[in-house]
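To start, the structure itself, in structure tokens.
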There are 2 protein chains.
Amino acid sequence: MKRALLVLVIGCAPAPAAQHTPQWVSDTKPFGAAPPPSIGATGATGVIGATGVIGATGATGATGAAVAPGAAPTAAAPASAAPAASSLAARYREPVDKIVSTAHADREAYRKLSYLTDRIGNRLSGSASLERAIAWAAQTMKDDGHDVRTEPVMVPHWVRGVEAAELTAPIARPLRVLGLGGTVATPKGGITAPVVVVHDWAELDAKRDSVKGAIVLYDVAMPKWTEDKGSGYGETVEYRGRGASRAAKLGAVAALVRSVTAHSLRTPHTGAMNYEEGVTKIPAVAVTVEDATLITRLAAQGPVTLHLRVENQMLPDAPSANVIGELRGRERPDEVVVIGGHIDSWDVGQGAHDDGAGAVTMMQALTTIRKLGLAPRRTIRVVLFTNEENGLRGGRAYAKDHAAELPNTVLAVESDSGGFAPRGFSIQARPEVADRIRARVIDIAQLLRPISATRVTLGHGGADIGPMGPAGVPMMGLDTDGRTYFDIHHTEADTLDKVDPQALADDVAAVAALAYVVADMPDRLDAP
Amino acid sequence: MKRALLVLVIGCAPAPAAQHTPQWVSDTKPFGAAPPPSIGATGATGVIGATGVIGATGATGATGAAVAPGAAPTAAAPASAAPAASSLAARYREPVDKIVSTAHADREAYRKLSYLTDRIGNRLSGSASLERAIAWAAQTMKDDGHDVRTEPVMVPHWVRGVEAAELTAPIARPLRVLGLGGTVATPKGGITAPVVVVHDWAELDAKRDSVKGAIVLYDVAMPKWTEDKGSGYGETVEYRGRGASRAAKLGAVAALVRSVTAHSLRTPHTGAMNYEEGVTKIPAVAVTVEDATLITRLAAQGPVTLHLRVENQMLPDAPSANVIGELRGRERPDEVVVIGGHIDSWDVGQGAHDDGAGAVTMMQALTTIRKLGLAPRRTIRVVLFTNEENGLRGGRAYAKDHAAELPNTVLAVESDSGGFAPRGFSIQARPEVADRIRARVIDIAQLLRPISATRVTLGHGGADIGPMGPAGVPMMGLDTDGRTYFDIHHTEADTLDKVDPQALADDVAAVAALAYVVADMPDRLDAP
């Protein structure tokens, strides 16, 4: 009875100028980080008054108190007080408040992630641990009541072996290296060669005459994270991706790439590297910021020589699979909202933020909707893609195998920016529909003020869902507070202790709310 | 001519209410850190107007423009405008402004540190690199014109070998470990044993019945750095120091200690460990925060077993030396100001902050005074202590060998808190003289406002100078902005790239200014 009254307040009360931010809003900051700038600015929505519901909602699903799906609230916020686009927020305030408060109080995503990281561990394509992760994810989604299937995909099978490097002149000093994904091995026993240091492509060209027979070090510093620009990952990572082949074209015998991070504790970062067709494949390894800057300082004073030994191997492609779990739509089951992350990871650390967090976020988002008894008009489908890191075979296979469905895929959402506190969504869509999609998502995101996930931008969707883009599927990335993401990205330090259970729960809330509304709203998200 | 005029302005002008903070004040912040809270609050001293001198002072020593040592300024700041204790600041404003502006603009300390770290590297007691470092320091101080000698000290000679650990149940997982200083080896082939996790001594006692035959993990979290409390190192490090023997008394076969840091990228931290006399010596290694928390999570769910292999050895004591360089006093050469750091380091990283920075700070402080032609009343003596990290033999030997001089050692200053931006000084002295020393140091530190090194507290002097304490020598530690120190302390990440040349230059300025005034002032620092 008390609850019903409170729900009514949530749905009906005009928004007061909030003086009080409830504790459960302010405790969403990631461990060890200052609260994101948006927290504190939060407030002033009708839902703020709903604190009483938050503590009670853990039991909501258990009591089976289903919200009438898609039904208009009995008393929506006055249209005159809101912009024209606010109809979605008004219409879905009640079920979304249920979703957000339930997910916010739930720790099941974190428990799933604990199993995936602590018990299974990292999971590179072709590894036994990826096979275990896929089987676990399928069983877990079955246990949660979803319709589950796996779709086979053949994936690259690259295996890391011994990787070692040391300076041999002007000093003897061991270096910390980590092979880039797919790197070829050195000749047996390794290679010893002079080092040529460059800081950008122009310097590589300028030094082209000295590159033949040498090891090229790309000492390219990643800028620090800023509120405006984010991480600077995109502008730095191209040296990791293309550096080996560009150096090989000039006759280099190996490439070293400064780890793509702005913060290092002698921490090497691996990642994808692409050999160009028809260019000699040379070994390519990441070095730490510490070692890259050491080599650069020494090279400014005279010749530097190093020894590199890499024994990695590429095996024949291995079987793998995308894992799919869904809640079938009640009216238009052929129209689909895809929510996805990738189940594979690099072979270092635990793949906790990248992308264990994304995978369990999607699993738990669907479970949250199902447990609340919500039955959306359209189908919501979790896709856990395989092989994002070193091949994108899962994403490509999905887009190809489901090509016939893509015209009816009304949205694809990906979480692959770490399981940090949600900030909102980044939309990637055809220019002719982008603005209207943005307007609708801004409208929906009003309901995410309690978890500060209201930022809606035009930008990047996600790597795995990218292959659906050419078919015109609107895409969205879950935008998270990524200020520390690239400190641990693709390293031994991407481990569960870096994940804040509350932030992860709020990621679930944000995705579940968005997916539910988009799956249930009368029009398609991109409708004129 | 122009310079002489500016110097006059420094010495004579009454302090204006500064509206403008010159660039060279604001650029003293460490790389990658927010400016310390005191910066920005700085200003409003006569020296602020001296910006014009800063750029010119690099040449001051070269032109031999000596400041009349100890002479009272021709026109001191009006006594009425300053507290009674301001006589030292007034008297020494001119030479200290010279010292500070010269040192602030000088990069020679950083160049010295570059050689020590990049060319020589880390330097554990007994290693060839420590021998090289000692020879280099002696020659460098000779080249700078000081009176130099080395004083032999025998030091422990512990050598790190293979160190490896992995979980064997309930999962197989490699761990990152780093042996604590002096740890004994495991039996050949290693040991496999169940793990007992404790979070404090009380829990160790409570679990005493399960410790026999087990490996004890001390999962003790170091608190985060705060402005008020600093690092929390002291309250955490006792488990590293005493944990092995306390566990051994209960029958444990090995000890794991969570690395003493509040910020980890899977980074193990070594450090001193002390076996208790008469207690069985068991292997003791540091584990990363990531691995400690993993083991704790698993142990909460059931039995955990791990395999540990340590092949370190303790060799016979090796010859080493303290390195001493001095500027003999012009009037009371038998009265001595000692300024010291330690020349040894752990065998990981480069020993850049710990304590390469302290060593070069002291070397360059003395050189700065000498090059400015300053001739203090008393002797200033640089002491580069050997074996601070795993024995303190250098500090003990100095206090013993110089026992007869200690009554005339008017001050001992140590820098061993990292080469970060200076904040001031921490005084450790007999209670009956501490307050009067503090009052005088506060007075002197007024002159360090341009580099924000004005904080004077009662606290810790330094490990190496500590053995002089019982003889009543007043001690002081250079207090630095240590918020990131324990991220890199005793790790592979203590490297030159973490050192800000400007911060290091300001450390030199702070120590040189203090040492010069204390060596030259008419009364002893602790005089009634």
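In whole angstrom, and with the biggest value first, how far do the Cα coordinates of region A:311-431 range along each principal axis?
Answer, in whole Å and largest first: 55, 34, 32 Å.
Straight distance only, please: which lysines reach the Cα of B:Lys188 with their own Cα at less than 29 Å, same-chain residues fewer than 8 apart left out?
B:Lys188 reaches B:Lys207, B:Lys212, B:Lys249, B:Lys281.
Using a probe of 1.4 angstrom, how much of the accessible area of region B:369-528 is carbon and sulfur, in percent?
On the way: 2160 of 4210 Å².
Roughly 51 percent of what the probe reaches on region B:369-528 is carbon or sulfur.
Using a 1.4 angstrom probe on heavy atoms only, work out the carbon and sulfur share of the accessible area of region A:210-335 in %. Intermediate values should be presented prior to the final figure.
Working: 2460 of 4910 Å².
Reported share for carbon and sulfur atoms: 50 percent.
Which residues, if any, in region A:476-510 have at least 50 Å² less accessible area in the whole protein complex than in the isolated chain, probe 1.4 Å?
In region A:476-510, residues shielded by partner chains: A:Glu492, A:Asp497.
If I model a spin label as a point 7 Å beyond the Cα along the Cα-Cβ vector, how far apart are those points for A:Asp143 and B:Leu458 in nm?
Going from the A:Asp143 label point to the B:Leu458 one covers 6.0 nm.
Provide an ascending nm list, one decimal, of label-point separations from B:Lys142 to the equivalent residue in each further copy; define each label point as 7 Å from Cα along Cα→Cβ.
For B:Lys142, the inter-copy label distances come out at 7.9 nm.
Quick one: which bits of region B:176-203 get at least 20 Å² less accessible when the partner protein chains are in, versus the chain alone, with a 1.4 Å probe?
Residues passing the criterion (a loss of at least 20 Å², heavy atoms only) are B:Arg176.
Using only Cα atoms, locate the centre of region A:418-444 and the centre of region B:472-512, then give the distance between them in Å, rounded to an integer.
47
Between copies, how far apart are the B:Glu238 label points? List them in nm, one decimal, shortest first, with each point 7 Å from Cα toward Cβ, please?
Shortest to longest, the spacings are 5.7 nm.
Restricting the calculation to Cα positions, tell me the Rg (one decimal) and the Dmax (whole number) of region B:116-168 in Å.
Rg, Dmax (Cα atoms, Å): 16.1, 60.
How much accessible area per residue does region B:388-528 have, counting only protein heavy atoms and a probe of 1.4 Å, in square angstrom?
On the way: 3870 Å² over 141 residues.
With the other protein chains kept in place, region B:388-528 gives 27 Å² per residue.
Would you rank A:His307, B:His490 by solvent-accessible area, highest first, keeping every protein chain in place and using a 1.4 Å probe?
Numbers: A:His307 35, B:His490 15 Å².
Reading off the accessible areas and sorting them downward yields A:His307, B:His490.
Within region B:478-501, name every residue whose backbone N is under 18 Å away from a label modeled 7 Å from Cα of B:Arg438 along the Cβ vector.
Within reach of a label on B:Arg438, which here means backbone N under 18 Å from a point 7 Å along Cα→Cβ, region B:478-501 contributes B:478-480.
Label A:Thr305 and A:Glu151 with points 7 Å out from Cα along Cα→Cβ: what is the distance between them in nm?
Result for the modelled spin labels: 5.5 nm.
Calculate the length of the line joining the C-alpha centroid of region B:169-233 to that of region A:107-136, in whole Å.
26
Between B:Asp205 and B:Thr280, how high is the FRET efficiency from 1/(1 + (r/R0)^6) when r is the Cβ-Cβ distance and R₀ = 22 Å? Nearest 0.05.
Numbers: r = 18 Å, r/R0 = 0.84.
Approximately 0.75, to the nearest 0.05.
By DSSP, what percent of the beta bridges with both residues in region A:320-397 are antiparallel, rounded to the nearest 5? If you can, show how the numbers build up before the last one.
On the way: 5 of 13 bridges.
The antiparallel proportion sits near 40 percent.
For region A:286-305, which residues drop by 40 square angstrom or more in accessible area between the chain on its own and all protein chains together (1.4 Å probe)?
Output list: A:Glu290, A:Arg297.
For region B:465-516, what Kirkwood radius comes out of the mean inverse Cα-Cα distance, in Å? Display every interim value, and only then the final one.
Details: mean 1/r = 0.0747 Å⁻¹.
Result for region B:465-516 stands at 13.4 Å.
What spacing in nm lies between the two simple spin-label points modelled at B:Glu227 and B:Gln313, each 7 Å away from Cα in the Cβ direction?
5.3
What accessible area, in Å² to the nearest ten, does a 1.4 Å probe give for B:Ser415?
Per-residue accessible area (B:Ser415): approximately 0 Å².
What fraction of the DSSP beta bridges in region A:164-291 is antiparallel, stated in percent and rounded to the nearest 5? Let's see the in-between values first.
Working: 7 of 20 bridges.
For region A:164-291, the DSSP antiparallel bridge percentage is about 35.
Please give me the summed charge of the neighbours of A:His199: other residues whose Cβ is under 10 Å from its Cβ, Lys and Arg +1, Asp and Glu -1. Display every interim value, and only then the final one.
Values: positive: A:Arg258; negative: A:Asp200, A:Glu203, A:Asp219.
Combined, the nearby Lys, Arg, Asp and Glu give -2.
Output ³J(HN,Hα) for region B:372-377: one whole-Hz value per residue in order, computed from phi by the Karplus curve 6.51 cos²θ - 1.76 cosθ + 1.60 with θ = phi - 60°, and x for Gly and Pro.
7, x, 6, 10, x, 4
When DSSP assigns beta bridges and you keep just the ones with both residues in region B:347-485, what percent turn out antiparallel, to the nearest 5?
Numbers: 6 of 13 bridges.
DSSP beta bridges in region B:347-485 are roughly 45 percent antiparallel.
Please compute the per residue accessible area over region A:185-299 with all protein chains in place, 1.4 Å probe, rounded to a whole number of Å². Provide the component values of the computation, followed by the final result.
On the way: 4530 Å² over 115 residues.
It amounts to 39 Å² per residue over region A:185-299.
If I ignore ligands, DNA and RNA and count only protein heavy atoms, how much of A:Val499 is accessible to a 1.4 Å probe, in Å² to the nearest 10?
Using a 1.4 Å probe on the heavy atoms, I get roughly 0 Å².
Quick one: of A:Lys224/B:Lys224; B:Lys371/B:Lys400; B:Lys98/B:Lys371, which pairs are farther than 20 Å apart, Cα to Cα?
Values: A:Lys224/B:Lys224 22 Å; B:Lys371/B:Lys400 32 Å; B:Lys98/B:Lys371 11 Å.
A:Lys224/B:Lys224; B:Lys371/B:Lys400, as the Cα separations exceed 20 Å there.
Rounded to the nearest 100 Å², what is the sum over both chains of accessible area buried where A meets B, with a probe of 1.4 Å?
On the way: alone 20150 and 20110 Å², together 37730 Å².
Using a 1.4 Å probe, the pair buries roughly 2500 Å².
Inter-copy label distances at A:Gln301, 7 Å along the Cα→beta-carbon direction, one decimal in nm, shortest first?
Values, ascending and in nm: 5.0.
Calculate the FRET efficiency for A:Ala527 and A:Ala404 from the Cβ-Cβ distance with a Förster distance of 22 Å, rounded to the nearest 0.05. Numbers along the way, then the final one.
Working: r = 21 Å, r/R0 = 0.95.
Efficiency, from the Cβ-Cβ distance: 0.60.
Give the ranking of A:Glu131, B:Glu388 by solvent-accessible surface, highest area first, calculated with a 1.4 Å probe.
Values: A:Glu131 85, B:Glu388 30 Å².
Result of the area sort, largest leading: A:Glu131, B:Glu388.
The values are calculated or read from the model by the stated rules, or taken from the named source; none is laboratory data. Just so you know, these numbers come straight off a predicted model, no measurement behind them. Counting neighbours? That spans all protein chains shown, and the Cβs are built from the backbone with ideal geometry, glycine included. Just the protein is used for accessible areas: all its heavy atoms, side chains included, with ligands, DNA and RNA removed. Shrake-Rupley method; radii C 1.70, N 1.55, O 1.52, S 1.80 Å.
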